[in-house]
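Participant: The structure under discussion is supplied below as structure tokens; questions concerning it will follow.
The values are calculated or read from the model by the stated rules, or taken from the named source; none is laboratory data. This structure is a prediction, so every number in the text was calculated from the model and none was measured. Every residue, glycine among them, receives a Cβ derived from its backbone with ideal geometry; neighbour counts consider all protein chains shown.
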Amino acid sequence: MAGVELKTAVVTGATRGIGLAIADALVKAGARVLIGARNQDSLDSVCARLTSSGGSVSAQMLDLSDFGSIDTFCDAAREEFADLNILVLCAGTYEHSAWDMQMTDALRLAMNVKVLGNARLAENVLPSMSTTDGHIVFINSSIVRGDGKGNPAHAASQHALRSMADSLRASVNAKGIRVTTIYPGKTATPRQASIATAAGRQYQPDDIIQAEDVALAVLQCLEFPHRTEVTDLHMRQTKKV
Ligand SMILES: NC(=O)c1ccc[n+]([C@@H]2O[C@H](COP(=O)([O-])OP(=O)(O)OC[C@H]3O[C@@H](n4cnc5c(N)ncnc54)[C@H](OP(=O)(O)O)[C@@H]3O)[C@@H](O)[C@H]2O)c1
């Protein structure tokens, strides 16, 4: 397997949940990692935690709803790594939506962060991606396999994100850059805890996918020999409810 040791990586949404687990796994595997999210205190504390065991981590504020913030983040990424091997696009907010409750407001927010924000970041970082072993990983969602009834705005933005990853793959594969989309089902993160609380449901994290499981999937996709690309990987909890 081609390991990730000494490779350069950018991980968005790395201050908690799935993004944090991915950054942690990459650091433990010996990668040099730049993390991004909106909250500076969280970035500082994650950075301190991941570097305490000798890892190479730096942090830069990033707000995917703001092109200025994205451009500043990409400048920092270019300064940190002239040659970028791995880009993991994991950041995102979750807005509840329904067709009978201001669907367009939630849709605007979701499209702004997930689709426009990630597109801006990807196009900005692309010229720095390594053409010998560059790899872009999108963290999408199992919602793309359903009809989106539970959350139409979220579903629409995740479908758009999938399409964006597919068209990016078609454009960059010939340059030697791989693109993988991972579609996790319900995963035990702070987001899932707050969704359960808002719905008045008991939160039972032990029965669902763990953030570390998604990180393991990301690491395995990265570690395939570069001649092979995992395009799409769907993950669901074993005991369906
Ligand atoms: N948990 C699940 O069940 C599940 C299932 C399928 C897919 N996913 C996907 O996996 C990804 C991570 O989910 P999660 O559950 O780990 O979420 P989470 O616990 O809410 O963490 C989200 C991360 O993204 C950052 N973030 C949020 N809005 C941002 C913005 N506008 N700009 C930059 N960073 C932002 C957050 O930090 P700040 O708030 O400080 O910015 C945080 O680091 C999401 O894209 C989600 O759609 C999650």
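Participant: So Gly148 ticks every box in (1) surrounded by 13 or more Cβ atoms within 10 Å (Cβ to Cβ); (2) assigned to a helix (DSSP H, G or I); (3) small (Gly, Ala, Ser) but one. Which box is left unticked?
Facilitator: The failed condition is (2).
Participant: Yes or no: Ser157 without any contact (Cβ under 8 Å) to a residue 24 or more places away in the chain, closer than 23 Å to Cys74 by Cβ and in a helix (DSSP H, G or I)?
Facilitator: Here the answer is no, as Ser157 does not meet what is asked.
Participant: Kindly provide the set of residues from region 167-195 that are under 22 Å from His234 (Cβ atoms) and either assigned to a helix (DSSP H, G or I) or among the polar types (S, T, N, Q) (or both), ordered by number.
Facilitator: Ser167, Leu168, Arg169, Ala170, Asn173, Thr180, Thr181, Thr187, Thr189, Arg191, Gln192, Ile195
Participant: Inspect region 187-199 for any residue being surrounded by 17 or more Cβ atoms within 10 Å (Cβ to Cβ) and among the hydroxyl-bearing types (Ser, Thr, Tyr) and give the result as yes or no.
Facilitator: yes
Participant: Name the single residue, out of those in region 1-19 being farther than 14 Å from Leu89 by Cα and not aliphatic (A, V, I, L, M), that is modelled with the lowest pLDDT.
Facilitator: Top of the filtered list is Gly3.
Participant: I've got another one for you. Do we find a residue being assigned to a loop (DSSP other than H, G, I, E, B) and within 13 Å of the ligand (Cβ to nearest atom) anywhere in region 214-228?
Facilitator: Taking every residue of region 214-228 in turn, none turns out to be assigned to a loop (DSSP other than H, G, I, E, B) and within 13 Å of the ligand (Cβ to nearest atom).
Participant: Then there is this: Could you grab the pairs with beta carbons closer than 6 Å, sequence gap of 6+ or different chains, first residue in region 97-108 and among the polar types (S, T, N, Q), second one not in a helix (DSSP H, G or I)?
Facilitator: As it stands, the answer is Ser97/Asn151, since those pairs meet every condition given.
Participant: Out of everything in region 227-238 that is within 19 Å of Ala25 (Cβ to Cβ) and more than 14 Å from the chain's Cα centre (by Cα), what residue ends up being surrounded by the most Cβ atoms within 10 Å (Cβ to Cβ)?
Facilitator: So, considering only residues that are within 19 Å of Ala25 (Cβ to Cβ) and more than 14 Å from the chain's Cα centre (by Cα), the one surrounded by the most Cβ atoms within 10 Å (Cβ to Cβ) is Val230.
Participant: Continuing with this model, one more query. Which of the residues belonging to region 143-202 are farther than 26 Å from Leu126 by Cα and basic (Lys, Arg)?
Facilitator: Within region 143-202, Arg145, Lys149, Lys186, Arg191, Arg201 qualify.
Participant: Going by what's in this entry, would Leu116 be described as buried (at least 19 other Cβ atoms within 10 Å of the Cβ), within 16 Å of the ligand (Cβ to nearest atom), modelled with pLDDT of 95 or more and within 16 Å of the chain's Cα centre (by Cα)?
Facilitator: So Leu116 fails the test.
Participant: Right, something else. Starting from region 67-96, keep only residues that are at positive phi, then list their pairs with residues that are among the small types (Gly, Ala, Ser) and not in a loop (DSSP other than H, G, I, E, B) whose Cβ atoms are within a distance under 6 Å, requiring at least 6 positions of separation or different chains.
Facilitator: Sorted first by the residue in region 67-96, then by its partner, the list stays empty.
Participant: Which of the residues that make up region 197-211 are in a loop (DSSP other than H, G, I, E, B) and away from the ligand (no atom under 12 Å from the Cβ)?
Facilitator: First, pick out the residues of region 197-211 that are in a loop (DSSP other than H, G, I, E, B): 199-204, 208.
Listed by number, the residues that qualify are Ala199, Gly200, Arg201, Gln202, Gln204.
Participant: With the structure loaded, tell me whether Arg169 is within 8 Å of the ligand (Cβ to nearest atom) and touching a residue at least 60 places away in the same chain (Cβ under 8 Å) or whether it fails that test.
Facilitator: It is false that Arg169 is within 8 Å of the ligand (Cβ to nearest atom) and touching a residue at least 60 places away in the same chain (Cβ under 8 Å).
Participant: Take Gly134 and tell me if it is surrounded by 18 or more Cβ atoms within 10 Å (Cβ to Cβ) and either at pLDDT below 95 or within 11 Å of the ligand (Cβ to nearest atom) (or both).
Facilitator: no
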